[in-house]
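**Student:** The following block contains the structure, expressed as structure tokens.
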Amino acid sequence: MANTYTQLYIHYIFSTKHHYPLIQPEFEQRLYKYITGIGREKGYPVLAVGGMADHLHVLVSLSPTISVAKTIQTIKGNSSKWINDCFYPERRQFNWQSGYGAFSIGRSGVNRLKDYIKNQKKHHEKMTFKEEYRMFLEKYGVSWDEKYVWG
């Protein structure tokens, strides 16, 4: 074939280091826009970003030339540097956890997942981050061990 055509959607879930509530309301929306800009610049559209003070969900239309791991490494690395530079310059206390969840979804699930990500505050009135993350691991049939998930 002369061209490459793909449709790859990845739902990333990742937390702040030690699950500290460091994503403050005063910069939360700016962070979401910043992450969207990272994706635009790097060639993988970010379709939705949302979360809570201790974690984020990011839905990406994955580029066929950039791996799942490289995509999230760039998002996490660039965004943590930006947060520290802009909001924690003296203490440089912001870090993401080292791991992440990455789940592929089909085109038919994109709009439903966008709504889910957009409504994180509502979902977390009834469910903790740990409960939510376990739910996704189970939903996608991922084998996991509790002692290695929350490090």
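The values are calculated or read from the model by the stated rules, or taken from the named source; none is laboratory data. Note that the coordinates shown come from a computational prediction; the quantities given were computed from them, not determined experimentally. A quick note on method: Cβ atoms are made from the backbone with ideal geometry, for glycine too, and the neighbour counts reach across all protein chains shown. Side chains included, ligands, DNA and RNA excluded: accessible areas come from the protein's heavy atoms. Shrake-Rupley method; radii C 1.70, N 1.55, O 1.52, S 1.80 Å.
**Student:** Enumerate the pairs (first residue in the range 111-126 and of a type in the set (Lys, Arg); second residue anywhere and outside any loop (DSSP other than H, G, I, E, B)) with beta-carbon separation below 8 Å, excluding pairs fewer than 6 apart on the same chain, so at least 6 apart or on different chains.
**Tutor:** The qualifying pairs are 114/47; 114/48; 114/59; 118/48; 118/50; 121/52.
**Student:** Considering only the range 39-59, how many residues are part of a helix (DSSP H, G or I) and more than 23 Å from residue 109 (Cβ to Cβ)?
**Tutor:** Count: 2.
**Student:** So, one more: Restricting to the range 48-70, give me the number of residues that are surrounded by 14 or more Cβ atoms within 10 Å (Cβ to Cβ), in contact with a strand residue (DSSP E or B) (Cβ under 9 Å, 6 or more places away or on another chain) and under 17 Å from residue 100 (Cβ atoms).
**Tutor:** The number of residues fulfilling the criteria is 13.
**Student:** Same structure again: Hey, can you tell me all the residues within the range 2-17 that are part of a helix (DSSP H, G or I) and without any contact (Cβ under 8 Å) to a residue 24 or more places away in the chain? Talk me through it step by step, then tell me what you get.
**Tutor:** First, pick out the residues of the range 2-17 that are part of a helix (DSSP H, G or I): 17.
Scanning the range 2-17 gives no hits.
**Student:** Only one of (1) surrounded by fewer than 17 Cβ atoms within 10 Å (Cβ to Cβ); (2) in contact (Cβ under 8 Å) with a residue 40 or more places away in the chain; (3) in contact with a Ser or Thr (Cβ under 8 Å, 6 or more places away or on another chain) fails for residue 45. Which number is that?
**Tutor:** Single failed check for residue 45: (2).
**Student:** In addition: Scan the range 103-114 for residues that are open to solvent by 40 Å² or more (accessible area, probe 1.4 Å), in contact with a strand residue (DSSP E or B) (Cβ under 8 Å, 6 or more places away or on another chain), closer than 19 Å to residue 32 by Cα and not basic (Lys, Arg) and jot them down.
**Tutor:** The first filter runs over the range 103-114 and keeps only residues open to solvent by 40 Å² or more (accessible area, probe 1.4 Å), leaving 104, 106-108, 111-112, 114.
Now drop any that are not in contact with a strand residue (DSSP E or B) (Cβ under 8 Å, 6 or more places away or on another chain), which leaves 104, 106-107, 114.
Subset that is closer than 19 Å to residue 32 by Cα: 114.
Scanning the range 103-114 gives no hits.
**Student:** Shifting gears a bit: As an exercise: evaluate residue 86 against (1) over 16 Å from the mean Cα position of the chain (by Cα); (2) in a helix (DSSP H, G or I); (3) free of Cβ contacts under 8 Å to residues at least 12 places away in the same chain and give the number of the one condition it does not meet.
**Tutor:** So the condition that residue 86 fails would be (3).
**Student:** Further, regarding this structure: Across the range 115-133, which residue is nearest to residue 58 (Cα to Cα) among those that are open to solvent by less than 70 Å² (accessible area, probe 1.4 Å) and either in a helix (DSSP H, G or I) or at pLDDT below 90 (or both)?
**Tutor:** It comes out as 117.
**Student:** Inspect all residues belonging to the range 20-36 and state whether any of them is open to solvent by 70 Å² or more (accessible area, probe 1.4 Å), of a type in the set (Ser, Thr, Tyr) and assigned to a strand (DSSP E or B).
**Tutor:** No, that holds for no residue.
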